[in-house]
Amino acid sequence: MGRVFLITLEGNVYSCKHCQTHLAVAEDIMSKLFHCKHGKAYLFDKVENVTVGEKEDRIMMTGLHTVVDIFCVRCGSIVGWKYEAAKEKGQKYKEGKYILERFKILGPDGSNCSVR
């Protein structure tokens, strides 16, 4: 395995709650209205410092989607998922976008979102 190079982000940064690796900036949030099994989730246009898992089809509240889990590149914790494909026409805007689960990340102020 090669050396891991981390990208340091500027501004209001969301980071991994386990190792504080920068993942995304607030300016890239597309929506805060998403939900996951742990509560709130945010849709981001782009994220950094993650690796991806295997593609799989998942039935979600909005239909069938092909997704890959995303993991913090430093500590390996799962932090959310990436939409690879949406089966329904009205969901195509999600393709190539990322979900960060609020429970698994720290906000720009260092806050964590607890399980409901």
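What does the charge dipole of the chain about its Cα centre add up to, to the nearest 20 debye, if the Cβ of each Lys and Arg holds +1 and the Cβ of each Asp and Glu holds -1?
About 300 debye.
Extension gain, C19 to E84, is 20.8 nm, computed as 0.36 nm per intervening residue step minus the present C-alpha separation. Using Cβ point charges alone (K and R +1, D and E -1), the dipole size of the range 47-115 about the Cα centre works out to roughly 160 debye. Note on the chain: dipole from Cβ charges, positive end direction compared against L23, Y93, F5; the farthest Cα belongs to Y93. Label-point separation (nm) for E95 and H38, each offset 7 Å from Cα along Cα-to-Cβ? For E95 paired with H38, the spin-label model returns 2.9 nm.
Pairs from the list K40/K89; K17/K94; K17/K82; K17/K87; K17/K92; K17/K55 with a Cα-Cα gap above 22 Å: K40/K89; K17/K94; K17/K87; K17/K92; K17/K55. Here, the chain is characterised by an Rg to Rh ratio of 0.95, where Rg is the alpha-carbon radius of gyration and Rh the Kirkwood radius. The calculated Kirkwood hydrodynamic radius for the range 56-116 is 12.8 Å, given to one decimal from all distinct C-alpha pairs.
Label sites at M61 and D109, each approximated as a point 7 angstrom past Cα along Cα to Cβ, lie 2.4 nm apart. Listed values for the range 94-106 are Karplus-derived 3J(HN,Hα) couplings in whole Hz (6.51 cos²θ - 1.76 cosθ + 1.60, θ = phi - 60°), namely 7, 4, x, 9, 10, 10, 10, 6, 4, 5, 9, 10, 9, and x replaces Gly and Pro. Taking S15, S77, S31 as the candidate residues, the one with maximal mean-square fluctuation in a Gaussian network model of the chain, Cα springs under 10 Å, is S31. The relative contact order of the chain, computed from alpha carbon pairs under 8 Å that lie at least 6 residues apart in sequence, is 25 percent. Computed on the range 1-47, with alpha-carbon pairs under 8 angstrom and 6+ residues apart, the relative contact order is 26 percent. Across the range 26-89, the fraction of Cα-Cα pairs farther apart than 19 Å, rounded to a whole number, is 34%.
Taking Cβ atoms as reference points and 13 Å as the exclusive limit, the residues near V79 contribute a net charge of +2, counting Lys and Arg as +1 and Asp and Glu as -1.
Each value in this text was obtained by applying a stated rule to the coordinates, not by laboratory testing. Computed from a predicted structure; not experimentally measured. Don't worry about glycine lacking a Cβ; one is built from the backbone with ideal geometry, like all the others, and counts go over all protein chains shown.
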